[in-house]
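Asker: Structure incoming, see below.
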Amino acid sequence: MAWTWQYEGVEGQPADLPAGAPEPPEFPTQSDAESWVGEVWRELREAGIHAVTLFEDDHKTYGPMSLDPA
C-alpha cells in the first residue's frame, strides 16, 4: 500500500506540479503522509496549490483539504 497526495488548483481540479512545489512522495503509512503535508503545506500554498486530497493506492481517503487561509 502507498499513501499519496494529489495537488488541486483553485477550482478543485487536479493540478500539475508547479515550479517550486515539493514533489509528493509515496508514504508507507497515512500518518507519514499527514506529517509530511503538515510540514510543507505553506510551501505548497506559495507554489499555487489550493487543496490536497489523500489517496491510499487508488482509493480516495479524504479531501480535498484546503490550504487557503481560513
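The values are calculated or read from the model by the stated rules, or taken from the named source; none is laboratory data. This one's a predicted model, so the numbers in the text were calculated from it and none came from an experiment. When we count neighbours, we look across all protein chains shown, and the Cβ atoms used for this are built from the backbone with ideal geometry, even at glycine.
Asker: With Pro69, Pro25 as the choices, which residue is under 11 Å from the mean Cα position of the chain (by Cα), modelled with pLDDT under 95 and at negative phi? Don't jump to the end; show me each part of the working.
Answerer: Details: Pro69 fails: under 11 Å from the mean Cα position of the chain (by Cα).
None of the others qualify; the one that does is Pro25.
Asker: Which condition from (1) surrounded by 11 or more Cβ atoms within 10 Å (Cβ to Cβ); (2) without any contact (Cβ under 8 Å) to a residue 40 or more places away in the chain is the one that Pro14 breaks?
Answerer: (1)
Asker: How many residues, within region 44-70, are of a type in the set (A, V, I, L, M), touching a strand residue (DSSP E or B) at 6+ places or on another chain (Cβ under 7 Å) and over 19 Å from Glu11 (Cβ atoms)?
Answerer: 1
Asker: Which residues, taken from region 1-39, are among the aliphatic types (A, V, I, L, M) and under 17 Å from Gly63 (Cα atoms)? Even if it seems obvious, please write down each step before you answer.
Answerer: As a first pass, look at region 1-39 and keep what is among the aliphatic types (A, V, I, L, M): 1-2, 10, 15, 17, 19, 21, 33, 37.
Within region 1-39, Ala2, Val10, Ala15, Ala33, Val37 meet the criteria.
Asker: In region 1-22, which residue that is among the aliphatic types (A, V, I, L, M) and within 16 Å of Asp68 (Cα to Cα) is modelled with the lowest pLDDT?
Answerer: This residue is Ala21.
Asker: All but one of (1) in contact with a Gly (Cβ under 8 Å, 6 or more places away or on another chain); (2) in a loop (DSSP other than H, G, I, E, B); (3) touching a residue at least 40 places away in the same chain (Cβ under 8 Å) hold for Ala21; state the number of the condition that does not hold.
Answerer: Checking Ala21 against (1) in contact with a Gly (Cβ under 8 Å, 6 or more places away or on another chain); (2) in a loop (DSSP other than H, G, I, E, B); (3) touching a residue at least 40 places away in the same chain (Cβ under 8 Å), the one that fails is (3).
Asker: A follow-up question, please. Kindly establish whether Asp32 is surrounded by fewer than 17 Cβ atoms within 10 Å (Cβ to Cβ), acidic (Asp, Glu) and either at pLDDT 95 or above or not in a loop (DSSP other than H, G, I, E, B) (or both). Working first, answer last.
Answerer: Numbers: surrounded by fewer than 17 Cβ atoms within 10 Å (Cβ to Cβ): yes; acidic (Asp, Glu): yes; either at pLDDT 95 or above or not in a loop (DSSP other than H, G, I, E, B) (or both): yes.
Spelling it out, Asp32 is indeed surrounded by fewer than 17 Cβ atoms within 10 Å (Cβ to Cβ), acidic (Asp, Glu) and either at pLDDT 95 or above or not in a loop (DSSP other than H, G, I, E, B) (or both).
Asker: Also, I was wondering about something else. Being assigned to a loop (DSSP other than H, G, I, E, B) and in contact with a Pro (Cβ under 6 Å, 6 or more places away or on another chain) is the filter here, so list the residues in region 35-64 that pass it. Spell out the reasoning first.
Answerer: Restricting attention to region 35-64, the residues satisfying the condition of being assigned to a loop (DSSP other than H, G, I, E, B) are 47-50, 57-58.
Within region 35-64, Ala47, Gly48 meet the criteria.
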